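The values are calculated or read from the model by the stated rules, or taken from the named source; none is laboratory data. Small disclaimer: the values here were computed from a predicted structure and weren't measured. Glycine gets a Cβ as well: all are built from the backbone with ideal geometry, and neighbour counts include every protein chain shown.
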Amino acid sequence: MSLSAVLIARDEAHRIERCLEALRWADEVVVVVDDASRDETEGIARRFGARVFVRAFDSFSLMRQFADEQATCEWILSVDCDEIVTPQLAAEIRAALATEHTAFRIPHLDYMFGRWIRHGGWYPQYHWRLYRRARATWARAIHERVEFEGSVGTLREPFLHFSHGRVSDFVNKMARYTTTEAEAALAAGRRTNVLRMATEPFLYFGYKYVVQGGWRDGAHGFVLASLMGCYRLLVHLKLWDLAQAQRGDRDSRTCPPRT
């Protein structure tokens, strides 16, 4: 059975080399580079022998779907540039290709702010990353996921995920993701209110920190639970703002209320 390792990338020169080095065992590597990328990502990928395509970004799911369509092998391993496939995981993947399953979910072990995170719902996070190319498609604009039909399996060895080196990295990514999530919510007809804005961030913090045991990771667990609470607050604030702007033109054409 043959396998294509598939990546999408934008300005990933600082870490894609380590990712590609850990994928030399794959039969093929496909890298789709966002055309807004301004560093050496494309050149590094070509030096590793990857098949490289440049494409304008539209959504994560469409980028991943395009990348999969460029692959030629029966199986696809979808990898992010901040992930490392260990030799142990590579061996488990090779063995999995001989099964009758359509897809496998793979756990992720996150390294954030200088520590491996094992609580607060972060480990093990399972993602569908290994699947038969002809029987899977990507969906959703944010927090994209692969959809497929057929039997599935679970691998034991995790991806090593070097997701956020600093809190500022998390915040920058959060700014982009919350905007996309709020836009998707507005398009789906969802709205927010003061009660949800006031309560959901605190409830989510408590869920991550207490229920899911984030406190076990010490200060790191508190910081991550706080950031996730802020994430939920930003989604609601941006959704409220978008809804206000949507009806702004209509309101501007009406007479002001009497005081």
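Conditions tested, residue by residue: (1) over 30 Å from LEU77 (Cβ atoms); (2) in the same structural domain as ILE117 (by TED's automatic domain parsing); (3) in contact with a Pro (Cβ under 7 Å, 6 or more places away or on another chain).
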site: GLU149; (1), (2), (3): no, yes, no
site: ALA175; (1), (2), (3): no, no, no
site: THR179; (1), (2), (3): no, no, no
site: GLU200; (1), (2), (3): yes, no, no
site: GLY221; (1), (2), (3): yes, no, no
Exercise for review: Considering each of THR154, THR178, THR192, THR137 in turn, give the residue that is hydroxyl-bearing (Ser, Thr, Tyr), touching a Phe, Trp or Tyr at 6+ places or on another chain (Cβ under 7 Å) and touching a residue at least 60 places away in the same chain (Cβ under 8 Å).
Suggested key: THR178
Check your understanding: Hey, does the range 85-101 have a residue that's under 30 Å from ALA219 (Cβ atoms), under 20 Å from the mean Cα position of the chain (by Cα) and surrounded by fewer than 15 Cβ atoms within 10 Å (Cβ to Cβ)?
Key -> yes
Practice item. Working carefully through the options THR99, THR86, find the one that is of a type outside the set (Lys, Arg), in the same structural domain as VAL33 (by TED's automatic domain parsing) and in contact with a Pro (Cβ under 9 Å, 6 or more places away or on another chain). Key: THR86
Review point. Looking at (1) at pLDDT 90 or above; (2) hydrophobic (A, V, I, L, M, F, W, C); (3) surrounded by 16 or more Cβ atoms within 10 Å (Cβ to Cβ), which is the only condition VAL167 fails?
Key: (3)
Practice item. Return the residue satisfying two criteria in turn: it lies in the range 108-127 and is in contact with a Gly (Cβ under 9 Å, 6 or more places away or on another chain) and in a strand (DSSP E or B), and of such residues it is nearest to VAL79 (Cα to Cα). Key: TYR111
Practice item. Would you please list the contacts, defined by Cβ atoms under 7 Å and residues six or more apart or on different chains, that run from a residue in the range 106-123 that is in contact (Cβ under 8 Å) with a residue 24 or more places away in the chain to a residue that is polar (S, T, N, Q) and not in a loop (DSSP other than H, G, I, E, B)? Key: PRO107/GLN125; HIS108/GLN125; ASP110/SER163; MET112/SER163
